[in-house]
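Here's the structure, in structure tokens; my notes come after.
All of the numbers you see were taken from the coordinates with simple rules; none came from a lab. These numbers come from a predicted model, not from an experiment. Cβ coordinates were reconstructed from backbone atoms using ideal geometry, including for glycine residues, and neighbour counts include every protein chain displayed.
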Amino acid sequence: MSTIPGSATPGVPPADALPVPGTAFGGPFVPSPAAGGTRDALVRAGRGLAVGAELRAELDALYADYAAALDDRRYDDWIELFVDDCRYLLQPRENFERGLPLATLAFESKGMLRDRVYGVTRTLFHAPYTQRHLVGPLRVTALGADGAVDVQASYAVYRTKVQDRTEVFNVGQYLDRVVREPDGRMRFAVKRAIFDSETIPNSIIHPI
């Protein structure tokens, strides 16, 4: 079994998968054999996993590219940040915590992401607005023996309509799984945006 270069640190406990109650998103997670321990214990202590500088830099770049691609509406670049059989879920926090599968948006492949982008850019009519993503510090919560990394990060999305004031649009946390593909690049296998509010203003057009 392989490990992630620059990520496994002796004495740092690995972790089980992020919870995915009531859904098939994410799948089983095989923890790294580097050390003993469980994710639940770390989460209760409020601590993420220490990882190497190289892996940290790659993850930071991936999340920065994700936010920039959406903010600039470079949707082709955004899609290429996912693996072919990716999972994307946008879900209210209440449903997630109660294990309910109902989600605002749910896509199960890169092809479905392309379909959504086609709808956003070609068929959906709405008052134009721009989005701006702010992503908080990344917390690595699990390292897999297969090279997968589970990551948690808080996010806030601001929306600005033409000739209107900027408003807070969507706030929550990303619960993601990132993998390294054969070309050496890291991409999202699972992207879960769990937003805190039980309601959304009008509708969500662009990805979060």
- prompt: For labels at S197 and Q163 in the simple 7 Å Cα→Cβ model, what's the distance in nm?
  reply: 2.4
- prompt: Looking at the range 91-147, which chymotrypsin sites (Phe, Trp or Tyr not before Pro) are in a loop (DSSP not H, G, I, E or B) and have at most 12 other Cβ atoms within 10 Å?
  reply: F125
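I need the peptides 191-198, 75-82, 97-104 ranked by packing, meaning the mean over residues of other C-beta atoms within 10 angstrom, with the highest value on top.
The most tightly packed comes first, giving 191-198, 75-82, 97-104.
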task: Order these peptides, 47-60, 145-158, by their mean beta-carbon neighbour count within 10 angstrom, highest first.
output: 145-158, 47-60
query: By how many nm would the segment from A153 to D76 grow when fully extended, if each residue of separation counts as 0.36 nm and the alpha-carbon distance is taken off?
result: 25.4 nm
field: the range 60-195 - charge dipole about Cα centre, Lys and Arg +1 at Cβ, Asp and Glu -1, debye rounded to 20
entry: 380
message: Skipping prolines and chain starts, which residues have an amide H placed within reach, meaning under 5 Å, of the one on A145, given they are 5 or more residues away or on another chain?
response: V30, S32
field: the range 60-195 - Kirkwood radius from inverse mean 1/r over Cα pairs (Å)
entry: 15.8
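Just to confirm a number: summing +1 for Lys and Arg and -1 for Asp and Glu over residues other than M186 whose beta-carbon lies under 14 angstrom from that of M186, what do you get?
With Lys, Arg at +1 and Asp, Glu at -1, the neighbours total -4.
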field: Centre separation in Å (Cα based) which lies between the range 45-94 and the range 143-195
entry: 4
